[in-house]
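J.: The following block contains the structure, expressed as structure tokens.
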């Protein structure tokens, strides 16, 4: 056991992709005794690599200890990391409160060691053009049929979307380049003697796409904007349901784009008779700093089937968002369902996250669209 000021921990080291190691953190008071953990509060593990904020991770409370499972860190590369535990709640006056463990100027440090596949360089991934387009198209939802047309050079690049037979048909109209002027014909020279047959040349290198030039081209940027606009209605939350209290009511680390509007909606109720239920949208920068928050309070009791909607614009430098339902005191009972966080300023009907309904056929169609746009696949 390791003691760091006001917390004690178990062995904090494990190998990359290990999913069976629990990190156990036990807060202590000034006398060295255990701190009683309030299960009605929101508990979150925040992780940094020393230079950049990595993200928020879920925790569970067991007796007097806070448990973080290594399975939640499988997406992190091998390296040295720093961890803090944040405890947040709404006090009786409706104000947000926060405690951060361990004490000031200290962090809970842990190391993820390389496994043999890391050492053999078996799992190296290069993020290129197709990954960027992949993610953009994944965000707009599934069941799409794509077509690419070449149009005249003086025409404007467009994306045309139409719905029919339960499918979304998307046509990309991309202008071709202008034809160059024909050069002047030179005078014909005298015919020379036939030369010897030359040796066969070496095979040329395989060509490649200038990904940076393509993605920064005005025509592609116009297409990207239209693809983003068509993403309205895609649920950015995973694990939601139309059944009461199935799945979490607190979601963090959701990727967002600064300057764009986002809407958090759902249905809730509460039979309690005293207190407040608050719905929140919090926007964070890459270091984990809370840049701006949007909140809407509802006094209890709340009738069954009551919808809620809250909209906010991601401020400059925002890269992630957190949405949640928070109660002003532990005794309040909340029932919730159909939670949805989506791009745009209007709430739309609940749908599952696109990744939860992706099929192999859909994915093959998306890949075909990427190739048609000039991407390379490996």
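J.: If you stretched the chain out fully between residue 113 and residue 194, how much longer would it get, using 0.36 nm times the residue separation minus the C-alpha to C-alpha distance?
T.: Working: separation 81, 0.36 × 81 = 29.16 nm, distance 6.79 nm.
Length gained, residue 113 through residue 194: 22.4 nm.
J.: Another question about this same structure. Report the convex hull volume per residue for the range 2-119, counting only C-alpha atoms, in Å³. Show your work: numbers first, answer last.
T.: On the way: hull volume 13.7 nm³, N = 118.
Hull volume over Cα atoms, normalised by residue count, gives 116 Å³.
J.: Once fully extended, how much extra length lies between residue 185 and residue 296, figured as 0.36 nm per residue of separation less the alpha-carbon to alpha-carbon distance? Present the calculation step by step, with values, prior to reporting the outcome.
T.: Values: separation 111, 0.36 × 111 = 39.96 nm, distance 7.50 nm.
Using 0.36 nm per residue and subtracting the Cα-Cα distance, I get 32.5 nm.
J.: Could you list 88, 356, 152 so that the one with the fewest beta carbons within 10 Å of its beta carbon is first and the one with the most is last? Could you put the intermediate results ahead of the total?
T.: Working: 88 16, 356 12, 152 8.
Fewest to most other Cβ atoms nearby, the residues stand as 152, 356, 88.
J.: Quick one: what does P(r) look like for the range 250-352 with 5 Å bins over all Cα pairs, in whole %?
T.: 2, 14, 23, 23, 17, 12, 7, 2, 0
J.: Hey, another quick one. If neighbour count is taken as other Cβ atoms inside 10 Å, put 279, 44 in order from fewest to most.
T.: Exposure proxy ranking, most exposed first: 44, 279.
J.: Further question on the same structure: Fewest to most neighbouring Cβ within 10 Å: what's the order for 178, 81?
T.: On the way: 178 9, 81 18.
Exposure proxy ranking, most exposed first: 178, 81.
No lab work stands behind these numbers, since they all come straight from the coordinates. Source: prediction; values computed, not measured. Reconstructed Cβ throughout: ideal geometry from the backbone, glycine too, with neighbour counts over all protein chains shown.
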